1. Could you look through region 41-59, keep only residues that are under 37 Å from the mean Cα position of the chain (by Cα) and surrounded by 15 or more Cβ atoms within 10 Å (Cβ to Cβ), and pick out the one that is modelled with the lowest pLDDT?
2. For region 184-208, which positions are in contact (Cβ under 8 Å) with a residue 40 or more places away in the chain and surrounded by fewer than 17 Cβ atoms within 10 Å (Cβ to Cβ)?
3. Looking at residue 106, is it modelled with pLDDT of 85 or more and assigned by TED's automatic domain parsing to the domain that holds residue 209?
4. Could you tell me which numbered condition residue 332 fails, if it satisfies all but one of (1) free of Cβ contacts under 8 Å to residues at least 60 places away in the same chain; (2) in a helix (DSSP H, G or I); (3) surrounded by fewer than 17 Cβ atoms within 10 Å (Cβ to Cβ)?
5. Answer yes or no as to whether residue 380 is part of a loop (DSSP other than H, G, I, E, B), over 15 Å from residue 269 (Cβ atoms) and within 29 Å of the chain's Cα centre (by Cα).
């Protein structure tokens, strides 16, 4: 269609409602929503069907009625019904197909940031939906962070944050000027969904990081996430197995596929990812050492669980070399021989993808991290044992080390904590024994007739 003809058609289809004077125009009124004036425009499409469209003024209700009315009058005069014009309708339809944010799971159909480049450069924060920006930010950071880190961001944003905010249609400008919208989300999670405060804090970190990027590139002037109140962090107290309980645990798991994982978690305090990632090259039978260097994790990426292999530990401190004690040397030597026999028996059926890894099944397939968590819980329930997380075996290891007189600093090195505060915060019960010693020392100078040592037991 010729450009002049197209313009004429667009002008002709703009006027959809007729007033008493015969002048065709778009009707409209103001509506208050969440403290913001919304413009509700009413028009007829070319098929004669009445339609409405809501447009935010981004003006707070208080003190802005006159200004909002002026914006409404201008909008009524300039509004072009999106479905009334053939070409404009096709463009809108194509745009909707390209940006299908009505379904969060399809949000990353944007293949490149090019689709958002114009939006970002335009500086129209009033036009960019908050949810759209989050999806763009996810796409942008994917190539610059670890897959496991990206998985965490993706799951939180697509499974929790977007489902809440999407029906509300908030723009970046709405979020920037009304931090209470973010605060309302935290309240909803805490009160309605009853998630933990620590979980909300984690989601706050996701929102703040994304909005910080919007601030850095000039889309918003301030980060509204800095103007909300985070819930108070819950202090986590882990449960542990004491020495007698561990002996029962070892008996129960003897001969179980999880036996090696339970032993490594309890004695060496290895993380689940470190156990699965343990390679034969990490075992030095000559120097009698075991080096923690490789990790294997599972993460949900694009709706599917993905194995993530890393030839580096979680942190620099996580890279550590520990003594290979006699019992574990014997266990690993026997396991080496067993895997060699399995390869001979199974021949071509034996999986050769994981020959470097220690923790494989009889067919050579690597044990998955999630299997450890799930199977561990099943066995505990089946045998009536105290229910703890598999990770709590790591805490149990720390408790045994401390009870044996090992210092907190040495426990930090053994477990591979990057910061000693992690050791102190998680294992606060360990430090209680030092307080007991101090209390017993003070007893000696108290003016009592019968000096007796306090009998205090650690929790």
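1. Start the filter on region 41-59 by keeping residues that are under 37 Å from the mean Cα position of the chain (by Cα), which leaves 53-59.
Remaining after also requiring surrounded by 15 or more Cβ atoms within 10 Å (Cβ to Cβ): 53, 55-59.
Details: 53: 80, 55: 83, 56: 78, 57: 74, 58: 70, 59: 75.
Top of the filtered list is 58.
2. 190, 202 - these are the residues of region 184-208 that are in contact (Cβ under 8 Å) with a residue 40 or more places away in the chain and surrounded by fewer than 17 Cβ atoms within 10 Å (Cβ to Cβ).
3. On the way: modelled with pLDDT of 85 or more: no; assigned by TED's automatic domain parsing to the domain that holds residue 209: yes.
No.
4. (3)
5. Values: part of a loop (DSSP other than H, G, I, E, B): no; over 15 Å from residue 269 (Cβ atoms): yes; within 29 Å of the chain's Cα centre (by Cα): yes.
Considered against the rule, which asks whether it is part of a loop (DSSP other than H, G, I, E, B), over 15 Å from residue 269 (Cβ atoms) and within 29 Å of the chain's Cα centre (by Cα), residue 380 comes out as no.
The values are calculated or read from the model by the stated rules, or taken from the named source; none is laboratory data. In this text the structure is predicted, and so the values were computed from the model without any measurement. Positions of Cβ are backbone-derived with ideal geometry, glycine not excepted, and every protein chain shown enters the neighbour counts.
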